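The structure under discussion appears below in the form of structure tokens.
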Amino acid sequence: MKSSWIENLGSGQFKIHHLPFEAQMAPIYAAVTTDLNNDGLLDINLVGNDFGIEVQQGKADALNGLTLLNQKGPSFTSVPFTKSGFYVPGDGKSLTSIPVKNALYFLAGQNNDQLLAFRLNSEGNKMIPFLKNERHALIYLKNGTKRKTESYFGHSFNSQSGNFIHVNTTMSKIEFYGKGGIKLRTWLNQ
């Protein structure tokens, strides 16, 4: 009954990691992962709450949007909204990211409330779209590590995102692959 993330260890092996205490305060309905602070690690923005609970229980509304910064490995540190600027106090049900003129925006939907928009303040942002036949990509970082990302639409419950890779200055190249693992193109960060 804890909000968690699952690490794919390969060869059909997985490991569950619980998110920090602040992510356990209310139900989480949507999450978007991207490198928020240009350190080459995937961070998480979360929204949630539940205003539709039985009257006897009251609202589950202790989550006002949450930013979690990756501390390398399985741990994350929460950033208060007063520092991150990511504040979603309502009945948060969806979260998506969209590119607008090489800037990354997060759109947070709240049930029976206004849509909120947040712009990622980051240098060197670029958005590289997946093409029609591309299934996944290998992202090579300047520190010598790499990670795989899949081509898909949507991040979580009621959320639909653009099909792109948010590129920043920590990346050196991206290789895009199609069906059967065939490399279709390479993008170099110059």
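Is it fair to say Leu131 is aliphatic (A, V, I, L, M) and not in a strand (DSSP E or B)?
On the way: aliphatic (A, V, I, L, M): yes; not in a strand (DSSP E or B): yes.
Yes.
Here are Asn45, Asn8: which of them is in contact with a Phe, Trp or Tyr (Cβ under 7 Å, 6 or more places away or on another chain), crowded, with 18+ Cβ neighbours inside 10 Å and either under 20 Å from Thr149 (Cβ atoms) or modelled with pLDDT under 85 (or both)? So that I can check it myself, show each step before the final result.
On the way: Asn8 fails: crowded, with 18+ Cβ neighbours inside 10 Å.
After ruling out the rest, the residue left standing is Asn45.
Being touching a strand residue (DSSP E or B) at 6+ places or on another chain (Cβ under 9 Å) and free of Cβ contacts under 8 Å to residues at least 40 places away in the same chain narrows it down to one residue among Ala137, Ala117; which is it?
Values: Ala137 fails: free of Cβ contacts under 8 Å to residues at least 40 places away in the same chain.
Testing whether each residue is touching a strand residue (DSSP E or B) at 6+ places or on another chain (Cβ under 9 Å) and free of Cβ contacts under 8 Å to residues at least 40 places away in the same chain leaves just Ala117.
Can you tell me which condition Gly73 does not meet? The list is (1) at pLDDT 90 or above; (2) surrounded by fewer than 16 Cβ atoms within 10 Å (Cβ to Cβ), and all the others hold.
Going through the list (1) at pLDDT 90 or above; (2) surrounded by fewer than 16 Cβ atoms within 10 Å (Cβ to Cβ), Gly73 breaks only (1).
So which residues in the stretch 127-146 are closer than 18 Å to Gly162 by Cα, of a type outside the set (A, V, I, L, M, F, W, C) and either under 16 Å from the mean Cα position of the chain (by Cα) or surrounded by fewer than 15 Cβ atoms within 10 Å (Cβ to Cβ) (or both)?
Pro129, Lys132, Asn133
Quick test for you: out of Gly92, Gly144, pick the one residue that is within 21 Å of Glu22 (Cβ to Cβ) and either of a type outside the set (Val, Ile, Thr) or touching a residue at least 40 places away in the same chain (Cβ under 8 Å) (or both).
One residue alone meets the criteria, Gly92.
Results for (1) at pLDDT 85 or above; (2) under 12 Å from Leu19 (Cβ atoms); (3) among the charged types (D, E, K, R), shown as yes or no for each residue.
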| position | (1), (2), (3) |
| --- | --- |
| Leu41 | yes, no, no |
| Ile53 | no, no, no |
| Gln56 | no, no, no |
| Lys59 | no, no, yes |
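Does Ser161 count as outside any strand (DSSP E or B), touching a strand residue (DSSP E or B) at 6+ places or on another chain (Cβ under 6 Å) and under 23 Å from Asn8 (Cβ atoms)? Walk me through how you get there before you give the answer.
Values: outside any strand (DSSP E or B): yes; touching a strand residue (DSSP E or B) at 6+ places or on another chain (Cβ under 6 Å): yes; under 23 Å from Asn8 (Cβ atoms): yes.
Here the answer is yes, as Ser161 does meet what is asked.
Of the residues that sit in the stretch 166-188 and are in a loop (DSSP other than H, G, I, E, B) and touching a residue at least 60 places away in the same chain (Cβ under 8 Å), which one is surrounded by the fewest Cβ atoms within 10 Å (Cβ to Cβ)? Steps first, answer last, please.
So in the stretch 166-188, the residues in a loop (DSSP other than H, G, I, E, B) come out as 168-170, 178, 182.
Cutting the leftovers down to touching a residue at least 60 places away in the same chain (Cβ under 8 Å) gives us 168-170.
On the way: Asn168: 21, Thr169: 15, Thr170: 18.
Among those residues, the one meeting the criterion is Thr169.
Of all residues in the stretch 87-117, count the ones that are surrounded by fewer than 20 Cβ atoms within 10 Å (Cβ to Cβ) and among the basic types (Lys, Arg).
Selection size over the stretch 87-117: 1.
Only one of (1) modelled with pLDDT of 85 or more; (2) of a type outside the set (A, V, I, L, M); (3) over 26 Å from Ser4 (Cα atoms) is not met by Ser78, so which one is it?
Ser78 satisfies all of (1) modelled with pLDDT of 85 or more; (2) of a type outside the set (A, V, I, L, M); (3) over 26 Å from Ser4 (Cα atoms) except (3).
The values are calculated or read from the model by the stated rules, or taken from the named source; none is laboratory data. Keep in mind the model is a prediction, meaning the values are calculated, not measured. With ideal geometry, Cβ positions are generated from the backbone for all residues, glycine too; neighbour counts draw on all protein chains shown.
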